[in-house]
Amino acid sequence: MMPTNHLLNGDDHTKRRRALQDVSNRSSLSRFSRSYVPKKLLQIRKDTRQSQQKVDRNDPLCKDDYIHEMYEHFAAREATTSVRPLYMEEQKQLNELMRAILVDWVVDVHFSYRLSLATLYLTINLIDRYLEASPEVPRKDFQLVGTTALWIASKYEEIRPLEINQLVEVCDCCYTKQQVFAKEGDILNTLHYRLCVPTSLTFLLRSLKVAKANRKMAHMSMFILEGTLGCYNLLHYLPSQMAAASIYIARSTLLIDQPAWTKLLEEYTGFSKKDVLPVAKAMLTESNANVNVKLQAVRKKYSTVEYSSVALIPLRGK
């Protein structure tokens, strides 16, 4: 069960996001603004299909041009399926620390049941979008939201989704089946049943192929990206930016004698090294700030041999 005692003590947690600029004024945002990036990505990806086709030449699953239309569609939708960076400010009983605790618990449960990564990323997306649309979620129902979001995501992504009995048990029977059923309907109706969303994992998996990543590189990139799921301060970056920065940090860490960013990665992602570097620095700052905290589910997971023990390698940026 999630350590709810930490949630109950979260009232005094200061909101670090006060220093961020007002996102309601879109024109005042940096060049990483949500209104700027999708248009840029659309144009650049249309102009670089030839490079992508070279990457896909020997992949029978990527022979069709649909792959390009798919990612152009993802680039256009990612801004509308991501939450407002300061949405937690409107929650009266919840705060960013409580969100981080919930995410850490979800990661732990997800890993315990060996669910797919797509399920994890969709779960966090559902939680954030629901909280944004429902600003008065009671503290006592917060874990119920996370539990139900995980159940919905598993039913959407998994061949064999989690069973309701498993969910009730993992919550130490704090919630009944009827409560989970009711919250499922609430979440789905609130989000208008929009479950197909491009997450940062969507962009990462494609970019790893472009980067010609080996197993260790893939694990390092996934570790970095997964570690950002609980970082409320990073919500003002788009999923595609987070994926690109994860690969940049992974390459900087593991490929000391090679460039961290290549021309092919720039052509495909639409981000130059100059674009990626500020995002990577922000991610490294958050990673360093969270080294000694108790929320270590992601680090514990990626410290295992199964994931090449990449969490034990100090991260670096060029």
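The values are calculated or read from the model by the stated rules, or taken from the named source; none is laboratory data. Quick caveat: nothing in here was measured; it's all calculated off a predicted structure. Glycine also receives a Cβ, built like all others from the backbone with ideal geometry; neighbour counts cover every protein chain displayed.
Summary of values
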{"quantity": "Residue match in segment 277-300 (condition: over 27 Å from Val106 (Cα atoms), at pLDDT 90 or above and of a type outside the set (Gly, Ala, Ser))", "calculated": "yes"}
{"quantity": "Check on Gly185, within 24 Å of Leu234 (Cβ to Cβ), in a helix (DSSP H, G or I) and not hydrophobic (A, V, I, L, M, F, W, C)", "calculated": "no"}
{"quantity": "Residue among Leu315, Leu264, Leu295 that alone is touching a residue at least 60 places away in the same chain (Cβ under 8 Å), within 23 Å of Val210 (Cα to Cα) and part of a loop (DSSP other than H, G, I, E, B)", "calculated": "Leu315"}
{"quantity": "Subset of segment 197-235 [assigned to a loop (DSSP other than H, G, I, E, B) and touching a helix residue (DSSP H, G or I) at 6+ places or on another chain (Cβ under 8 Å)]", "calculated": "Val197, Pro198, Thr199, Ala211, Ala213, Gly227, Thr228, Leu229, Gly230, Cys231, Leu235"}
{"quantity": "Residue in segment 137-146 that is surrounded by fewer than 23 Cβ atoms within 10 Å (Cβ to Cβ) and either within 18 Å of the chain's Cα centre (by Cα) or on the phi > 0 side of the Ramachandran plot (or both) present", "calculated": "yes"}
{"quantity": "Test: residue in segment 243-262 that is surrounded by fewer than 23 Cβ atoms within 10 Å (Cβ to Cβ), out of contact with any Phe, Trp or Tyr (no Cβ under 7 Å at 6 or more places or on another chain) and of a type in the set (Gly, Ala, Ser)", "calculated": "yes"}
{"quantity": "Close pairs from segment 268-286: first surrounded by fewer than 20 Cβ atoms within 10 Å (Cβ to Cβ), partner among the charged types (D, E, K, R), Cβ under 7 Å, at least 6 apart", "calculated": "Ser272/Glu266"}
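Matching residues to (1) modelled with pLDDT under 95; (2) among the hydroxyl-bearing types (Ser, Thr, Tyr):
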residue	(1), (2)
Thr190	no, yes
Val197	yes, no
Ser207	yes, yes
Lys216	no, no
His219	no, no
Ile249	no, no
Gln258	yes, no
